[in-house]
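This report concerns only the one structure given below.
The values are calculated or read from the model by the stated rules, or taken from the named source; none is laboratory data. Source: prediction; values computed, not measured. Glycine gets a Cβ as well: all are built from the backbone with ideal geometry, and neighbour counts include every protein chain shown.
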């Protein structure tokens, strides 16, 4: 039996995970299929991320070398970019749980992000660009937990790591394609930034069409589920396992370097030409895309939480390498991007696959949003802290501090949350 009798009769627990059918046990044919919902949501994320990355690929280069801002200001902007989603995640998660319309809430978030692309040609200052990026991140915050809840409800519990790996691989494919599409547009239309923004909007709008047309609506909630308020749903999340997992994820997030600061620090420490800076995220995306599915399958087999911690060991290795910089140039850059891509592959979807089965069905989307919010706020604080340390001590010192801190955080996180022992 996959589910105990007590769990099977508890309406607050997830009932989506079911024993494999006979066809699934004969050669594994059923398990090899990917649910249509996962593929559709993966396609939505692919085109949406391509749209977003068309706009953001050159921001670090523009901000650092065009506007001449320093590490402290870059860290603040990196913090804003990371944390702008936080305040809206719980609201989006609660709305999805309260009204039973995860698809509708996710669609609203994707639509908001799409509309921001139309406004970029009308602005021309850093604060205005920051406001539009914030609006785009708000859309991301609203849609993320409902989207992950839709994936969870469409897949048996045993295959969640694989399903999230497939979704994250498609999402990262979009992150890889976005800068290349932007480059192709500007190559075909020199100086045609308005054209690039229009193409970006069309891609984002296509994502909205796909989720509306091809993603199934979630089941209607029972009257009992609809009657629960936010306080009731948050109370349902107050189990030791969920609390400790959230605390551990937040602690690790606090010792995570923001992406913009990471790439700028890499460029400085490894003597990479400044004009090659926009190519660095592409290297990370290639590794992430290639590793997401096999890492997700491995997580299903050996345990998602241990693999999540191993992902942070990969980030730790990248930080220590950038601190010591034993050699520089493109070989060192390739090694660092490999480590950084593996970090994302082993942490992004793996954490959601780990926490989703622990959450009661009545508060699943809210619970996913709580974990994501805690992690986002912590990473926003980490990005700001890294910028401050780098501003006063240089990037080498900052990577040394975060490397040591990350090592300690991994050890503490392993002690805080032990799956199967949290009672």
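Quick notes on this structure:
- Out of 334, 346, 356, sole residue that is within 19 Å of residue 166 (Cβ to Cβ) and at pLDDT 95 or above: 346
- Residue satisfying condition, being in a helix (DSSP H, G or I), out of contact with any strand residue (DSSP E or B) (no Cβ under 6 Å at 6 or more places or on another chain) and either without any contact (Cβ under 8 Å) to a residue 40 or more places away in the chain or surrounded by fewer than 20 Cβ atoms within 10 Å (Cβ to Cβ) (or both), within set 280, 342, 322, 313: 313
- Residues of the range 217-244 that are in contact with a helix residue (DSSP H, G or I) (Cβ under 6 Å, 6 or more places away or on another chain) and at pLDDT 80 or above: 241, 242, 244.
- For the range 327-339, a residue qualifies if it is in contact (Cβ under 8 Å) with a residue 40 or more places away in the chain and either buried (at least 20 other Cβ atoms within 10 Å of the Cβ) or in a helix (DSSP H, G or I) (or both), and the qualifying residues are 330, 332, 333, 334, 336, 337, 338.
- Among the candidates 292, 299, the residue that is under 22 Å from residue 54 (Cβ atoms) and either at pLDDT 95 or above or part of a helix (DSSP H, G or I) (or both) is uniquely 292.
- Scanning the range 182-203 finds no residues that are under 13 Å from the mean Cα position of the chain (by Cα) and within 25 Å of residue 121 (Cα to Cα).
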